[in-house]
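Enquirer: Below are the structure tokens for one structure; questions will follow.
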């Protein structure tokens, strides 16, 4: 009844040496969704993001984006197909201004400097960052840098954007403000996959669905309200003792 | 066949000295992630130091290398404090340039002080040889081989067994965590740099009787050191030592079959081949 | 953007015209030769800057392209090809060499890349020293691109033409998407990939462009001095000199390499006696000073100064930051 899912992972496994960072993970995601991948530190969220965006390739399993196999694609090609991403540890282009940073994203769809400037200004407006356009990225505080990451990704006009730990390190009010913006992304035709370690108000507020990873494997899936109460999830975060609390 | 094996033996003997140089570079890279383009220049400094001791105090280089090495240790530490440490957070680009600058200063400084003349030490030991069956070796080479081997093994034991050595390995695995374990990063990094330089100096002192000494003598050795470190896997001290032996033998065989001039070219070619196909080194670890 | 109304444009045009007229202010051929070298190395610095300054890839093997340009001119002319066509062909060959070097070296990051470029440069030098066709260590005689009594003046004008060309190229690149892509690669290659930049291909393109200009410079230089040996056109010395010129003046800026060349080669002339014996020492000290105190070079440092004064971020954007990433 629905169109093909925008993103699909089928039994994806990724190993580093002897360690399986991602174990047989499968997930499906539809267009216009906001999906959050949560899990304790080391659960494999960032690895999943790297796999989807092409910075890593799966050892087993395949990854489909809009029904196209992107398992072996290099990162710049996944980006051109429409997958944008931010990095857990922000990677701004420090020697360039905020505007120039975003322009790099805009350049994916135009060669013209003027057009890139215009597109970038629009995005900066949306993210309420216009007043920062001329400042060097190196001088910005974390909250602004997080927004800059998103701005740059959005400028590439992605169909899917991967936001890795996008609210970590922010104060609650900063995080909620950012979350409100993220909630509006599907209006722009952008589906969102977010990754956070902690289930916070942010996730509860904006996620349509949540997937929980622990030690590389998917242990739960569902709407936020349900997932938070699942015993496996509580155990993953707090340890086996707390599982009893839910019995 | 005999000539082949003889060349291998010669290569092995030289290779131990190369190993010292390579291990020094690997130590510096492993602990500090700095590519020391001045490594050969420091070796040259060690050679001159040993030479001065020989010229003025009649100290045999096979003893003189020790004080020379000690001097270079101190000198290396000073370089670290004044020149390397201030730029440790800059980009790789900048750090490489800094070491290049240091190398240029050392080389030309030596030329200013000692002039460009070729010098030579004449020691009795160089003229004697040792024989075993159909194979012969220069007595001096054997002596330096033994000394070098002692240092190589000493360094290995030090890195594996001692507390400082373990701190060194901790840092080369993960720089950020080290301070949390109570390791004084500056002192340890300064120590490793100094030690790496000192090893180059020792190797220089040991090579002095066998080479002509002139300010530019170290340049080729920087290259050789890089080849060894790349062969052995960047950061692996043991790998660099093995790389040194391999390099020594390869050069020796190349000299035998193709002539001396090609030896250096072969070094570069090995270097490029390894970098192209197996950047983590032939003996290498995953750290790259 | 109306270029004609821009005062900077006219300032540059006038500067270029004056520069071209320099020979008329100068009294003898030796001084002309000095001007020739300064101008030529300014062009080389600009060319290097594409790779080293904009793309941020520390190439220490540019002597390879310089030398291939020189040897190419000599060898093609030996095949009875007209000089100016040989010049072009030599540059093309250098670009092909750059393709090989680039494809192999750009797969390596950071220090490995620099090492690989040094290795390639040295291999070429050693090969040229050992092969007969390149004259071995004895070298080759170069064909003269210009002859006659005013040949230095003509060489000088050719070098001005080259530096104008190099400047134009850098200018156009810096204003283009390609230039932005290179800068993104310089700042962070992962981020660059994440916005769809094919980083290996862009890096390669910058190297090819850079190699072409450098080779033209090499051929011009060699022809002016009429005789080449591997140690005059293929040494690490040249590679380092070109990189210092760009870095000292300001990598990634348009005027930087020009100022760097004027400064470096100019002071070499002024302090000729000291420099002759210890020019490497001066280089070394210069490098150390630049790295320690002004990593952006002269022009870059000035730019930063103006930027800091004109636009200090407001309090809302910068609460207690720990300072610029440097």
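The values are calculated or read from the model by the stated rules, or taken from the named source; none is laboratory data. Values in this document were obtained by computation on a predicted structure and should not be read as measured data. Every residue, glycine among them, receives a Cβ derived from its backbone with ideal geometry; neighbour counts consider all protein chains shown.
Enquirer: So, of the residues in segment C:106-134 that are more than 8 Å from chain B (Cβ to nearest Cβ) and free of Cβ contacts under 8 Å to residues at least 40 places away in the same chain, which turns out to be farthest from residue C:243 (Cα to Cα)?
Expert: Residue satisfying both the conditions and the ranking: C:132.
Enquirer: Among the residues of segment B:190-206, is there at least one that is farther than 14 Å from residue B:25 by Cβ, away from every other protein chain (no Cβ under 14 Å) and crowded, with 24+ Cβ neighbours inside 10 Å?
Expert: Yes, segment B:190-206 contains at least one residue that is farther than 14 Å from residue B:25 by Cβ, away from every other protein chain (no Cβ under 14 Å) and crowded, with 24+ Cβ neighbours inside 10 Å.
Enquirer: Give just the number: which of (1) in contact with a helix residue (DSSP H, G or I) (Cβ under 8 Å, 6 or more places away or on another chain); (2) farther than 24 Å from residue A:235 by Cα does residue A:189 not satisfy?
Expert: Going through (1) in contact with a helix residue (DSSP H, G or I) (Cβ under 8 Å, 6 or more places away or on another chain); (2) farther than 24 Å from residue A:235 by Cα one by one, residue A:189 breaks only (1).
Enquirer: Can you tell me which residue in segment B:38-90 is surrounded by the fewest Cβ atoms within 10 Å (Cβ to Cβ), limited to those that are modelled with pLDDT under 90 and not in a helix (DSSP H, G or I)?
Expert: Checking each candidate, the answer is B:58.
Enquirer: Exactly one condition in (1) part of a helix (DSSP H, G or I); (2) surrounded by 15 or more Cβ atoms within 10 Å (Cβ to Cβ); (3) free of Cβ contacts under 8 Å to residues at least 12 places away in the same chain is not met by residue C:81; state its number.
Expert: For residue C:81, the failing item is (1).
Enquirer: From the list A:35, A:64, which residue is surrounded by fewer than 18 Cβ atoms within 10 Å (Cβ to Cβ) and either at pLDDT 95 or above or under 22 Å from residue A:153 (Cβ atoms) (or both)?
Expert: Within the list A:35, A:64, the selection yields A:64.
Enquirer: Next question, about the same structure. Out of the residues in segment A:144-170 that are in a loop (DSSP other than H, G, I, E, B), modelled with pLDDT of 85 or more and away from every other protein chain (no Cβ under 11 Å), state the one that is farthest from residue A:38 (Cα to Cα).
Expert: It comes out as A:159.
Enquirer: So residue B:255 fits all but one of (1) at pLDDT 85 or above; (2) under 26 Å from residue B:160 (Cβ atoms); (3) surrounded by fewer than 23 Cβ atoms within 10 Å (Cβ to Cβ); what number is the exception?
Expert: It is condition (2) that residue B:255 fails.
Enquirer: Another question, if that's okay. Consider residue A:100 against the criteria (1) more than 11 Å from chain C (Cβ to nearest Cβ); (2) closer than 21 Å to residue C:202 by Cα: it satisfies all of them except one. Which criterion is unmet?
Expert: Unmet condition: (1).
Enquirer: If I filter segment C:88-104 down to residues being free of Cβ contacts under 8 Å to residues at least 24 places away in the same chain and within 11 Å of another protein chain (Cβ to nearest Cβ), which single residue comes out as farthest from residue C:208 (Cα to Cα)?
Expert: C:104
Enquirer: Let me ask another. Of the numbered conditions (1) out of contact with any strand residue (DSSP E or B) (no Cβ under 9 Å at 6 or more places or on another chain); (2) within 14 Å of chain C (Cβ to nearest Cβ); (3) in contact (Cβ under 8 Å) with a residue 24 or more places away in the chain, residue B:44 fails exactly one; give the number of that condition.
Expert: Exception for residue B:44: condition (1).
Enquirer: Further question on the same structure: Identify all residues within segment A:103-122 that are under 14 Å from residue C:175 (Cα atoms), surrounded by 20 or more Cβ atoms within 10 Å (Cβ to Cβ) and within 7 Å of another protein chain (Cβ to nearest Cβ); write none if there are none.
Expert: A:103, A:104, A:107
Enquirer: Okay, next question. Counting just the residues of segment C:194-234 that are facing chain A (nearest Cβ under 9 Å) and surrounded by 24 or more Cβ atoms within 10 Å (Cβ to Cβ), which one comes out farthest from residue A:49 (Cα to Cα)?
Expert: Filtering segment C:194-234 for residues that are facing chain A (nearest Cβ under 9 Å) and surrounded by 24 or more Cβ atoms within 10 Å (Cβ to Cβ), the one farthest from residue A:49 (Cα to Cα) comes out as C:197.
Enquirer: Exactly one of these conditions fails for residue B:116: (1) free of Cβ contacts under 8 Å to residues at least 24 places away in the same chain; (2) within 14 Å of chain C (Cβ to nearest Cβ). Give me its number.
Expert: Going through (1) free of Cβ contacts under 8 Å to residues at least 24 places away in the same chain; (2) within 14 Å of chain C (Cβ to nearest Cβ) one by one, residue B:116 breaks only (1).
Enquirer: Kindly list, by first and then second residue, each pair from a residue in segment B:257-277 that is more than 9 Å from chain C (Cβ to nearest Cβ) to a residue that is at pLDDT below 80 and surrounded by 15 or more Cβ atoms within 10 Å (Cβ to Cβ), limited to pairs with Cβ atoms under 8 Å and residues at least 6 apart or on different chains.
Expert: As it stands, the answer is B:274/B:281; B:274/B:282, since those pairs meet every condition given.
Enquirer: Check off (1) away from chain C (no Cβ under 12 Å); (2) at pLDDT below 90; (3) more than 22 Å from residue B:236 (Cα to Cα) for residue B:30 and give me the number that stays unchecked.
Expert: In the conditions (1) away from chain C (no Cβ under 12 Å); (2) at pLDDT below 90; (3) more than 22 Å from residue B:236 (Cα to Cα), residue B:30 misses (3) alone.
Enquirer: Could you tell me whether segment B:139-159 includes any residue that is over 30 Å from residue C:280 (Cβ atoms), more than 19 Å from the chain's Cα centre (by Cα) and free of Cβ contacts under 8 Å to residues at least 60 places away in the same chain?
Expert: Among the residues of segment B:139-159, at least one is over 30 Å from residue C:280 (Cβ atoms), more than 19 Å from the chain's Cα centre (by Cα) and free of Cβ contacts under 8 Å to residues at least 60 places away in the same chain, which makes the answer yes.
Enquirer: May I ask you to verify whether residue B:94 is closer than 30 Å to residue C:57 by Cβ, more than 14 Å from chain C (Cβ to nearest Cβ) and touching a helix residue (DSSP H, G or I) at 6+ places or on another chain (Cβ under 9 Å)?
Expert: No.
Enquirer: Now for a separate question. For segment B:210-249: of the residues being surrounded by fewer than 24 Cβ atoms within 10 Å (Cβ to Cβ) and under 18 Å from residue B:64 (Cβ atoms), which is farthest from the other protein chains (Cβ to nearest Cβ)?
Expert: B:210
Enquirer: Could you please give the count of residues in segment A:123-143 that are touching a strand residue (DSSP E or B) at 6+ places or on another chain (Cβ under 8 Å), part of a loop (DSSP other than H, G, I, E, B) and at the interface with chain C (Cβ under 9 Å from one of its Cβ atoms)?
Expert: 2
Enquirer: Here is a list of conditions, (1) in contact with a helix residue (DSSP H, G or I) (Cβ under 6 Å, 6 or more places away or on another chain); (2) facing another protein chain (nearest Cβ under 9 Å); (3) assigned to a loop (DSSP other than H, G, I, E, B), and residue A:90 meets all of them except one; can you say which number that is?
Expert: (2)
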